[in-house]
Amino acid sequence: MALILGIETSCDETGAAVFDTAAQKILSNTLFSQIQYHEKYGGVVPEIASRSQLERIDIIVTEALEQAGVTVNDIDTIAVTNTPGLAGSLLVGICFAKGLAWAANKKIIGINHLEGHVFSTFLKADNSVEQSIPFPHLTITASGGHTALYLVEGFGDYVQLCNTLDDAAGEAFDKISHLLNLGYPGGPVIEKLAREANFVDFFEYPRTKNKNSELMFSFSGLKTAILYNLVKQGAYDLQTGPIKEKITPELQRQVASSLLVCVADIFEKNIKIALQQYPGLQAVTFGGGVACNKYITQRLTTFCQRRKLSFFSPPPKFCTDNGGMIAFVGGYKYEQGLFSDLHLDVHNR
Ligand code: KG4
Ligand code: ZN
């Protein structure tokens, strides 16, 4: 039984949370998102991200402790993301966590951000933990930095079945949104426009071909196909970029809708292959920023219902980067006695 402080600073979100392992409940989950600083660049600028992390970390962690009604002395362990991510951003969280752990004489646990997304699928809207997800199950995670499938055998016991060969799905939404002059991040606005176009597949962009039923994600070809489709329609110039007057709201809606249907098809196809390769799985879970997308979660819900599988996806606050998932993973690592030492460092440097 323990109280875990979780700290997440791997990219452009500063997140902190307190998880109570006895109550199986997230007691607080505070967040600062830097979207406003990066939107004019169409993506995350690492230098800006790490500087902002430094400005916010103390405030966000203090708020998380206050909202949970505890002080740092009540905390049993500090869990902090130490890989993968932007080195400068990760360093801020790690150094803060190590300083706090040393000063308050607490243990520390380094957490893999991707493990956070995999197990975030257990977190519910009321901050409690879903108890009915069976093991083993299949998990798909998709966000701005990764798109992968995992076979999950237990808490902390999982293997990656495949990863994207190039861009992540969220990155594809962000880059195509930039091509369409729709700003950053792309996912939410692409979903809104696709809904207005009733999720019709206007352009039938190429789907990745899974040769010999191999598991595979790849999104850079899709981005190129959309770029050349826009060039063909006179809406994009390869030298100068988007031609504003040609990027009509109708074209934006049609591209967004076709893109979203294409990505959902690619997810479904890979899940289907994985379920064939690993018979006996009873559930599919979906985490990461792209899991905020209601169209994709609806498609996967229907897909699973048809196969009599259960499907779980967390609420948006636990899909995008957050301290809650790090505190939760910290909770079972604490119970498994998997502590790090104060030499903890950024792993992907
Ligand atoms: O998990 P996350 O906050 O950060 C990373 O670990 O990358 O995910 C951010 C990504 C962005 O690429 C964003 O466009 C995407 O999640 N995203 C969405 C939606 N909301 C956020 N993608 C599709 N539909 C959405 N509604
Ligand atoms: Zn993430």
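A few comments on the model shown:
- Of the residues making up segment 13-28, just one is within 15 Å of ligand 2 (Cβ to nearest atom) and open to solvent by 10 Å² or more (accessible area, probe 1.4 Å), namely 13.
- Summed over segment 154-170, the residues that are within 15 Å of the chain's Cα centre (by Cα) and either touching a residue at least 60 places away in the same chain (Cβ under 8 Å) or not assigned by TED's automatic domain parsing to the domain that holds residue 283 (or both) give a count of 2.
- So residue 123, is it without any contact (Cβ under 8 Å) to a residue 60 or more places away in the chain, crowded, with 23+ Cβ neighbours inside 10 Å and under 16 Å from the mean Cα position of the chain (by Cα): no
- Any pair with Cβ under 7 angstrom, 6 or more apart, that starts in segment 171-197 at a residue that is in a helix (DSSP H, G or I) and more than 16 Å from ligand 2 (Cβ to nearest atom) and ends at one that is open to solvent by 30 Å² or more (accessible area, probe 1.4 Å) and among the aliphatic types (A, V, I, L, M): 177/189; 179/227; 189/182
- Looking only at segment 219-251, residues that are of a type in the set (D, E, K, R) and either crowded, with 16+ Cβ neighbours inside 10 Å or touching a strand residue (DSSP E or B) at 6+ places or on another chain (Cβ under 6 Å) (or both) come to 1 in all.
- Any chance residue 64 is closer than 26 Å to residue 121 by Cα and in contact (Cβ under 8 Å) with a residue 12 or more places away in the chain: yes
- Scanning segment 82-120 for residues that are touching a helix residue (DSSP H, G or I) at 6+ places or on another chain (Cβ under 8 Å) and closer than 16 Å to residue 313 by Cβ gives 116, 117, 119, 120.
- Some residue of segment 254-267 being open to solvent by 20 Å² or more (accessible area, probe 1.4 Å), within 16 Å of ligand 2 (Cβ to nearest atom) and assigned to a helix (DSSP H, G or I): no
- Verdict on residue 331 being closer than 21 Å to residue 112 by Cβ, surrounded by 14 or more Cβ atoms within 10 Å (Cβ to Cβ) and either more than 12 Å from ligand 1 (Cβ to nearest atom) or assigned by TED's automatic domain parsing to the domain that holds residue 151 (or both): yes
- Condition check for residue 213: touching a residue at least 12 places away in the same chain (Cβ under 8 Å) and surrounded by 18 or more Cβ atoms within 10 Å (Cβ to Cβ): no
To keep it simple, each residue is scored yes or no on (1) within 13 Å of residue 6 (Cβ to Cβ); (2) buried (at least 24 other Cβ atoms within 10 Å of the Cβ).
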{"position": "55", "(1), (2)": "no, no"}
{"position": "64", "(1), (2)": "yes, yes"}
{"position": "82", "(1), (2)": "yes, yes"}
{"position": "100", "(1), (2)": "yes, no"}
{"position": "131", "(1), (2)": "no, no"}
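- Candidate set from segment 138-157 (those that are under 21 Å from residue 333 (Cβ atoms) and part of a loop (DSSP other than H, G, I, E, B)); member that is nearest to ligand 2 (Cβ to nearest atom): 146
- Residue list for segment 276-301, restricted to those being open to solvent by 30 Å² or more (accessible area, probe 1.4 Å), away from ligand 1 (no atom under 16 Å from the Cβ) and either part of a helix (DSSP H, G or I) or touching a His at 6+ places or on another chain (Cβ under 8 Å) (or both): 276, 277, 282
The values are calculated or read from the model by the stated rules, or taken from the named source; none is laboratory data. Note that the structure is a prediction, hence the values are computed from the model and not measured. Glycine also receives a Cβ, built like all others from the backbone with ideal geometry; neighbour counts cover every protein chain displayed. Side chains included, ligands, DNA and RNA excluded: accessible areas come from the protein's heavy atoms. Shrake-Rupley method; radii C 1.70, N 1.55, O 1.52, S 1.80 Å.
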